[in-house]
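**Student:** Take this structure, written in structure tokens, and hold onto it; I'll ask about it next.
What follows draws every value from the coordinates through simple rules; no lab data is involved. Remember, it's a predicted structure, so these values are computed and weren't measured experimentally. Cβ coordinates were reconstructed from backbone atoms using ideal geometry, including for glycine residues, and neighbour counts include every protein chain displayed.
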Amino acid sequence: MGYSTKYIDHFTNPRGIGEIEPPDAVSEVKHAGGGCFDTIRLTLKIDNEMISDARFRARACSGTIAACSALVDKVSGMELNEAIKLTPDDIADHLDGIPEKKRHSVELAVEALQTAITGRTKSEG
């Protein structure tokens, strides 16, 4: 599988770059497999159990930048109880597919989201 038009668009015109200050939830995740050392910092603004805004910073390959862009695009306006259920396949579908060699990218983006949401839940509970 090659790179879809949506993948290329999210890589070349990423949505949600930056940070929310102060964030309501934050995560930092790293991938260190296969020679790839991607790092993501994800910040969320949460209002009434809904993600009202999401931003990311990444030192990463094209796949992870596209995946993070697709993730923040998809979760903005989503309720937390729905966002926590997102899978790597959901993000890959949002990008109209990804090459298998970029699978780690959607997995890392979803890990960042789940870590931010569960970290917030634990700190508030």
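**Student:** Which angle from 0 to 90°, rounded to the nearest 10, does the C-alpha axis of helix 62-75 make with the longest principal axis of the chain?
**Tutor:** Roughly 40 degrees between the two axes.
**Student:** Ordered by residue, what ³J(HN,Hα) values in Hz, to whole numbers, does region 37-43 give under the Karplus form 6.51 cos²θ - 1.76 cosθ + 1.60, where θ = phi - 60° and Gly and Pro are x?
**Tutor:** 10, 5, 10, 10, 10, 10, 10
**Student:** How far apart, in nm, are the 7 Å Cα→Cβ label points at ASP90 and SER4?
**Tutor:** Rounded to a tenth, the inter-label distance reads 1.5 nm.
**Student:** Taking +1 at the Cβ of each Lys and Arg and -1 at the Cβ of each Asp and Glu, which of VAL75, HIS104, GLN114 sits farthest along the dipole of region 7-125 towards its positive end, judged by Cα position relative to the Cα centre?
**Tutor:** Toward the positive end, the furthest listed residue is HIS104.
**Student:** Can you check what the net charge comes to around PRO23, using other residues whose Cβ is under 12 Å from the Cβ of PRO23 (Lys, Arg +1; Asp, Glu -1)?
**Tutor:** Net charge in that neighbourhood comes out at 0.
**Student:** Sequence-distant or interchain residues sharing an amide H contact under 5 Å with ILE84, placed H: which?
**Tutor:** Close amide H contacts, sequence-distant or interchain: none at all.
**Student:** Sticking with this structure for a sec: Using helices alone, what [θ] at 222 nm do you get for the chain, with -39,500 (n - 2.57) per DSSP H run of 4 or more residues, divided over all residues and rounded to the nearest 500?
**Tutor:** Values: 5 runs with 55 residues, N = 125.
When only DSSP H runs of four or more count, the value is -13500 deg cm²/dmol.
**Student:** Next question, about the same structure. Determine the relative contact order of the chain: mean sequence separation of Cα pairs under 8 Å and six or more apart, normalised by residue count, in whole percent.
**Tutor:** Computed value for the chain: 32 percent relative contact order.
**Student:** Report, by chain and number, residues whose modeled amide H sits under 5 Å from the one on SER52, excluding near sequence neighbours (fewer than 5 apart, same chain).
**Tutor:** Counting only residues 5 or more places away or on other chains, the set is LYS45, ILE46, ASP47, GLY77.
**Student:** For ARG103 and ASN13, compute 0.36 nm times the residue count separating them, minus their Cα-Cα distance, and round to one decimal in nm.
**Tutor:** On the way: separation 90, 0.36 × 90 = 32.40 nm, distance 2.01 nm.
Additional length available on full extension: 30.4 nm.
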